[in-house]
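Okay, so here's the structure we're looking at.
The values are calculated or read from the model by the stated rules, or taken from the named source; none is laboratory data. Predicted model, so just to flag it, every value in this text is computed and none were measured. In this analysis, Cβ positions are derived from the backbone assuming ideal geometry, glycine residues included, and neighbour counts consider all displayed protein chains.
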Amino acid sequence: MIKQVKASLSEKVLLIFLILLILITFGSYFLLKDKCLFVKNIDPNKIYFTNTDNIAIMNVECGNVIIELDPITSPNSVQRFKTLIKNGSYDGSTFYRVIKNTLIQAGDIEYGNINDLNYTKIGTGKSGLGLLKSELSDEFQFKKGSVAFARKDDFDTEDSQFFITLKDIPIYQGEYTPLGKVIYGMDALEKIKSGNKSAYVLRPDYINYFKLLD
Amino acid sequence: MRILLILISLTFITAVKADEIYNLIKIPNLDIYKIETKNKIRYLNTNNDFRIGLEKNITCSRTNSTNLNKKFLLIEKNLNNYSSGFLKKNNIKYLVMCENLFISNINTGGIPDTKKRTLIIDINFNPKYFERMIHHEIFHMIQKSNPKFFDEQKWSLLNKKDFEYAKCSTCSDRLNLDLYKKTEGFLTEYSKSIPSEDMAEVFSFLMIDKALVEDKSNDDMILKNKINFIKSSLSKVDASFKF
């Protein structure tokens, strides 16, 4: 006859602990896999803008990013930026250069599109619209969420590539042509994939679409 | 295979040096010391040794904060002699402060780079000449930014016919920076090295002690002409500039 052995209290506690541990492990795995889980997606239709002329919406993996453009500071550059947004040049453009917690860069139209990514030439592509003169401002402050045209080492080499700062970078003031500021959606930008050891990213995140509000 | 190699190389590129200051002037290990300044010059501190240049032949060490705070007062005092407009015209925006600056193993007070708008200064440079050295190096940036106003051939013609400069500033033994008692066209031994160093010496002495140099030039026609050359050329760069 088999005698039934009752589990002691400590054995029951241990069992419950193990079950909880398994649940937490599996739960965390599925929760952490979704990098956008805690990112609030901004619906531009629910925001009241006093002036809609200079509002751009960039959609990335974790949601919408709302940018207010600044044509007063950089009229020609903002005009170029709007042209590229309107004709869909930035759709599919990858964030190929990401310095973690510092900045993200996209806008290489020629070699940086997710559908035709060229790792050997990325960062050197052109828009075909020609280079622009730098429009520098001693007033525009490079706070977190500033959007600006990237350039080569020399001034007057802006074209289509742009970057967004993920922190205040005061030393950029007067160095880069400002385009505007992110007014909503920084959370989504902070989730953009960065490289482990390099500023250049393998299989980078990209812009789903970029459009003007009007 | 090619794609695989590219992927591997991208994955194993060494640590990211692409911080925001490096992005601008391509010198690593710097941080901001002071950037809110009247003449818009930005002072940067070296927080770790760096090695730069095409052949990594320029080296400089991190600063000691006590030493830096002391030397900075002198640096800023001297830089404040220049307006923001003047500095902009001459491509001077960043001043990097470090200790024990060497170029190809030769100790130097400063290294100007007009392309990056940066002047690197060795804060351990001989204190006797430290302040004058700052202006000397700034002159090199002025000259590089405006070569047409500082023609070295025209300058050389101001000397006696039998005088010859050395082939380069570091390939002669004319290195002493002390002011000559009897000038005879040259303020220091280093002035005799090459024309651009001669010009920089005249400029730096005018910045530090204009009265003394002008007094010496009363008995030295060559020196007088050199001073006039510098003054006249600088007025073409910036009419509002005054010593």
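Restricting to the stretch B:53-79, name every residue that is outside any helix (DSSP H, G or I), surrounded by fewer than 18 Cβ atoms within 10 Å (Cβ to Cβ) and of a type in the set (A, V, I, L, M).
B:Leu54
Assuming A:Arg151 fulfils every condition listed in (1) touching a Cys at 6+ places or on another chain (Cβ under 6 Å); (2) within 14 Å of chain B (Cβ to nearest Cβ) apart from one, which condition is it?
(1)
A quick yes/no check of all residues on (1) under 23 Å from the mean Cα position of the chain (by Cα); (2) not polar (S, T, N, Q):
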| site | (1), (2) |
| --- | --- |
| B:Lys182 | no, yes |
| B:Asn218 | no, no |
| B:Ile222 | no, yes |
| B:Lys236 | yes, yes |
| B:Lys242 | yes, yes |
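Taking the stretch B:13-27 only, how many residues are in a loop (DSSP other than H, G, I, E, B) and modelled with pLDDT of 90 or more?
Count: 2.
Look through the stretch A:114-136, keep the residues that are out of contact with any Phe, Trp or Tyr (no Cβ under 7 Å at 6 or more places or on another chain) and within 13 Å of A:Leu202 (Cα to Cα), and return whichever of them is surrounded by the fewest Cβ atoms within 10 Å (Cβ to Cβ).
It comes out as A:Thr120.
In the stretch A:164-188, which residues are away from chain B (no Cβ under 14 Å) and out of contact with any strand residue (DSSP E or B) (no Cβ under 6 Å at 6 or more places or on another chain)?
Within the stretch A:164-188, A:Met186, A:Asp187 qualify.
Every residue, every condition in (1) away from every other protein chain (no Cβ under 14 Å); (2) of a type in the set (D, E, K, R); (3) more than 19 Å from B:Asp31 (Cβ to Cβ); (4) out of contact with any Leu (no Cβ under 9 Å at 6 or more places or on another chain), yes or no:
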residue: B:Thr46; (1), (2), (3), (4): yes, no, no, no
residue: B:Arg51; (1), (2), (3), (4): yes, yes, no, yes
residue: B:Cys60; (1), (2), (3), (4): yes, no, no, no
residue: B:Lys70; (1), (2), (3), (4): yes, yes, no, yes
residue: B:Leu74; (1), (2), (3), (4): yes, no, yes, yes
residue: B:Asn80; (1), (2), (3), (4): yes, no, yes, yes
residue: B:Asn90; (1), (2), (3), (4): yes, no, yes, yes
residue: B:Asn100; (1), (2), (3), (4): yes, no, no, yes
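Might you check whether a residue that is in the same structural domain as B:Leu87 (by TED's automatic domain parsing), touching a residue at least 60 places away in the same chain (Cβ under 8 Å) and in a helix (DSSP H, G or I) occurs anywhere in the stretch B:28-39?
no
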